[in-house]
Structure formats: structure tokens, C-alpha cells
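Below is one structure, written out as C-alpha cells; the observations come after it.
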């Protein structure tokens, strides 16, 4: 395969479970340079707490944890708790039973320890690439639909900026001044644009510098938009 573009990892959160503190620290230190957030934990209990409080895009777990088993934890997440999160399992053993369990669970990849960090990053990339591509397609479609909801061509850059900076909860956290520092538009243009999106229920102000982007209220670009 051609050289991967690891920049896409910067939009994703990784949960890493490893019961060897030094290995956990070392691997997490490398991963944090590539991903949005790295949640590094020693136990499955800590891991579950992270998942319940944060958006996790991929799980990397050792199989043989102290008093625990990574595959059993993934089974619990998927079948008992309803979390279907892409996963990579790592183990110092090549026991066929573990591999069979991983296959049955439909784990996305399997890494043999000691972990080769380049191989790990490539594995993460290959799992997240389709997700990143789907997000990009959805983002582009939302851009078309948002643009179709307004009539001022100067606002296209504002559309791009908003969609690029939505967080995982579809929140946009910028003031008018912040926007003007990034996009070459006037304050009246920003105010007019926000008013238009607000009237259509697309952008709702929650509090100062915090807006909710509701893609469910975006118009169908195939339908005529009243000016």
C-alpha cells in the first residue's frame, strides 16, 4: 500500500488499554502526536468510564491484562452494553484460541507484541480511513445543503469554516470576532448569515460563543429555496 496520510488521525479519539505502565506511557506518548485525544488506561474499569464519558473512535487493548482479558471486555462492550467500537487487540502470545476469539468478535486488527509503532499507526489509519472518508462526504453534502439555504455568495467561506470546526456534538464554539480572525468577511456579513441560518433552524445559539448545528433542518438541495 502507498504511504498513509496519518494526518487524518488528528480528528479521532483513541482509547488504549495496557496494564504495563511503562509500555502504556511510551505508546501513548507516540500516539498523542497523531490523534485528537489519547485516553490511556491500565484497566477495563477505567476504560469503561472513559467510553461512558467521551466519544471513542477506536479501542486498542492488550489481551492479557492483569486479572482481565481484553477480548472478554470487548465482548461485554459489544453484546452486553451495545458499544460497537472498532478495535485492535495486542498480545505477546500467538495462541490460536485468542486469534479465533478475535475473528469471531470481528475485531478489526490483531497486533503481536512487542508492538511496532509504525505498524500500529498504519493499522489505526486503515481502520479510520473509511470513517474519515464518510465524514468528508457527509461534510461536503452538508455544505451544499447549507449553501442552498442562503443566497449570498460571500458566505460560502463561512459555511466551510463552520462545518470544519463542529465538534463531535455538532457544536460550533466561536464568537463573531473569532470567525472574522479566520475568515475574510465583515461583521455585518457574519451577523446576516447567522440570522439566516437561525431563522431556518439550522444554527441555534445555546450561549455566548456556542451554537448547535442541526443538520436535520438543512434543506434538500434539489428543492427550490425561497429567497
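Nothing in this text is a laboratory measurement; each read-out follows from the coordinates by a stated rule. Only a predicted model underlies this, so the values are computations on that prediction, with no experimental measurement involved. A quick note on method: Cβ atoms are made from the backbone with ideal geometry, for glycine too, and the neighbour counts reach across all protein chains shown.
With the radius of gyration and the Kirkwood radius both derived from the Cα set of the stretch 53-162, what is their ratio Rg to Rh? Could you put the intermediate results ahead of the total?
Working: Rg = 19.6 Å, Rh = 16.6 Å.
Across the stretch 53-162, the Cα-based Rg/Rh ratio is 1.18.
The stretch between residue 85 and residue 176, if pulled fully straight at 0.36 nm per residue, gains 29.1 nm over its current Cα-Cα span.
Determine the gain in length on full extension of the stretch residue 43-residue 206; use 0.36 nm per residue of separation and subtract their C-alpha separation, reporting nm with one decimal. Don't jump to the answer; show the numbers that get you there.
On the way: separation 163, 0.36 × 163 = 58.68 nm, distance 3.66 nm.
Value of the extension gain: 55.0 nm.
For the stretch 149-217, a Kirkwood hydrodynamic radius built from all Cα pairs, placed in the Stokes-Einstein relation at 4 °C and 1.567 mPa s, yields a translational diffusion coefficient of 108 µm²/s. Inverting the pair-averaged 1/r between distinct Cα atoms of the chain gives 20.0 Å as its Kirkwood hydrodynamic radius. Among rounded, prolate and oblate, which fits the stretch 23-87 when a ≥ b ≥ c are the square roots of the eigenvalues of its C-alpha gyration tensor, a/c under 1.5 means rounded, and a/b larger than b/c means prolate? Cα axes put the stretch 23-87 in the oblate bin. Given R0 = 41 Å, the distance between the Cβ atoms of residue 216 and residue 22 translates into a calculated FRET efficiency of 0.30. With R₀ set to 41 Å, the beta-carbon distance separating residue 164 from residue 103 gives a calculated FRET efficiency near 0.60. Straightening the chain between residue 6 and residue 111 buys 36.0 nm, computed as 0.36 nm per residue apart minus the Cα-Cα spacing. Note on the chain: GNM, Cα springs under 10 Å; of 136, 199, 32, the largest mean-square fluctuation is that of 199.
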